1. So is residue 103 charged (D, E, K, R), outside any helix (DSSP H, G or I) and in contact with an Asp or Glu (Cβ under 8 Å, 6 or more places away or on another chain) or not?
2. Considering each of 5, 20 in turn, give the residue that is crowded, with 17+ Cβ neighbours inside 10 Å, outside the structural domain of residue 159 (by TED's automatic domain parsing) and touching a residue at least 24 places away in the same chain (Cβ under 8 Å).
3. Has the stretch 100-110 got at least one residue that is over 18 Å from the mean Cα position of the chain (by Cα) and buried (at least 21 other Cβ atoms within 10 Å of the Cβ)?
4. For the condition modelled with pLDDT of 95 or more, surrounded by fewer than 14 Cβ atoms within 10 Å (Cβ to Cβ) and either among the basic types (Lys, Arg) or assigned by TED's automatic domain parsing to the domain that holds residue 194 (or both), what is the one hit in 145, 127, 118?
5. Could you say which residue among 150, 166, 189 is closer than 19 Å to residue 101 by Cβ and surrounded by fewer than 14 Cβ atoms within 10 Å (Cβ to Cβ)?
6. Can you tell me which residue in the stretch 23-47 is surrounded by the most Cβ atoms within 10 Å (Cβ to Cβ), limited to those that are aromatic (Phe, Trp, Tyr) and not in a loop (DSSP other than H, G, I, E, B)?
7. Would you say residue 190 is in contact with an Asp or Glu (Cβ under 6 Å, 6 or more places away or on another chain) and under 25 Å from residue 17 (Cβ atoms)?
Amino acid sequence: MKPKHKGKLVHRTLLFTAGHNLKYLKKSFTTKADAIVFDLEDAVPENKKIEARTILKEFLKTELIDNRPVYVRINPMESGLTLLDIDATASPQINGFVYPMARSARDLIAFDAQLSLKEKILNLPKKYFDIIVLIETPESVLNLKEITSASDRIVGLLFGSEDFLAEQEGRHGENAQGISVPRHLISMAAKANNMLAIDTPYVKVGDFEGLKKHIEQGKMLGYEGMLIMSPREIPIVNELYSPSKEEITRVNEIVKLSIKATEENKGIIIYNGIFISPPSLKAAKKTLQKSENIDKYEEFLNS
């Protein structure tokens, strides 16, 4: 049975790979992605769906599958293909599934029940399979509260901006203003429910300066990582979604100054232009914890 990380999941980079392309399936495990998603939905043409299930079913039996989390993005309930996807790919070799086009809690409740049945058939522990929910419609954004409470399998929320804009009849706009509201609401819903907040991909592949700006926007909104379409993006995303040495030095200084403030019986102090208060101390400790989580996660992946 596939080992699972005991600590907090770290998904700075969630690499999507088309399920019908054996070359790319193999290549995904040569990357430094934190997690991998084999896609049976949008990346697979309709005339390749059956072939993709067959290829992926066999590939999951190979020794290439390593410790990192592996998910399968299945087709949604409305497609009529969900059970076929589950039957072909549910195995001890994967960690769970990405459920796309979730519109309400009903989708996740039904999907959860299907996974419970599959676990029983495969003699796997209850709740073995995790779920990452793809939020990519206006309806799903408005239903975030009920979606996040629909299943205790849900470990993360993933924003899909392209489908969202298609249904909303909107555009990215300057500085991604067209997606700023749903993008923030999704990250807030994830944090409110102790789930991973995974940002939408940056669709201009090869524009690395634009990618960096996209990451900075995501970090400002509380995202912990993003969906990756090209392995070339992985080093940049992993680096920028990890606390830098300068950031660690700064937050350690904040912790020290907070101790100094307590010793002086002050709740708030300003030291060398740094504003120190209980919220800034809380944020500093979270940054240090994030750095520790990443170190432990990378150690697990390499074990």
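1. Working: charged (D, E, K, R): yes; outside any helix (DSSP H, G or I): yes; in contact with an Asp or Glu (Cβ under 8 Å, 6 or more places away or on another chain): yes.
Here the answer is yes, as residue 103 does meet what is asked.
2. Numbers: 20 fails: outside the structural domain of residue 159 (by TED's automatic domain parsing).
That would be 5, the only listed residue that is crowded, with 17+ Cβ neighbours inside 10 Å, outside the structural domain of residue 159 (by TED's automatic domain parsing) and touching a residue at least 24 places away in the same chain (Cβ under 8 Å).
3. Kept after step one, since they are over 18 Å from the mean Cα position of the chain (by Cα), are these residues of the stretch 100-110: 103-107, 109-110.
Filter once more, so that each one left must be buried (at least 21 other Cβ atoms within 10 Å of the Cβ): 107.
Within the stretch 100-110 (the criterion being over 18 Å from the mean Cα position of the chain (by Cα) and buried (at least 21 other Cβ atoms within 10 Å of the Cβ)), the answer is yes, since at least one residue qualifies.
4. Numbers: 127 fails: surrounded by fewer than 14 Cβ atoms within 10 Å (Cβ to Cβ); 118 fails: surrounded by fewer than 14 Cβ atoms within 10 Å (Cβ to Cβ).
Every option except 145 fails the conditions.
5. On the way: 150 fails: surrounded by fewer than 14 Cβ atoms within 10 Å (Cβ to Cβ); 189 fails: surrounded by fewer than 14 Cβ atoms within 10 Å (Cβ to Cβ).
Answer to the selection: 166.
6. Here is the first cut: in the stretch 23-47, the ones aromatic (Phe, Trp, Tyr) are 24, 29, 38.
Within this subset, residues satisfying the condition of being not in a loop (DSSP other than H, G, I, E, B) are 24, 38.
Working: 24: 17, 38: 30.
Checked the stretch 23-47; the qualifying residue surrounded by the most Cβ atoms within 10 Å (Cβ to Cβ) is 38.
7. Numbers: in contact with an Asp or Glu (Cβ under 6 Å, 6 or more places away or on another chain): no; under 25 Å from residue 17 (Cβ atoms): yes.
Criteria not met by residue 190.
The rows are residues; the columns are (1) more than 23 Å from residue 66 (Cα to Cα); (2) at pLDDT below 95.
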| residue | (1), (2) |
| --- | --- |
| 199 | yes, no |
| 224 | no, no |
| 242 | no, no |
| 250 | yes, yes |
| 272 | yes, yes |
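The values are calculated or read from the model by the stated rules, or taken from the named source; none is laboratory data. Fair warning: this is a prediction, and the values are worked out from it, not measured in the lab. Here Cβ is always computed from backbone atoms with ideal geometry, including for glycine, and neighbour counts include all displayed protein chains.
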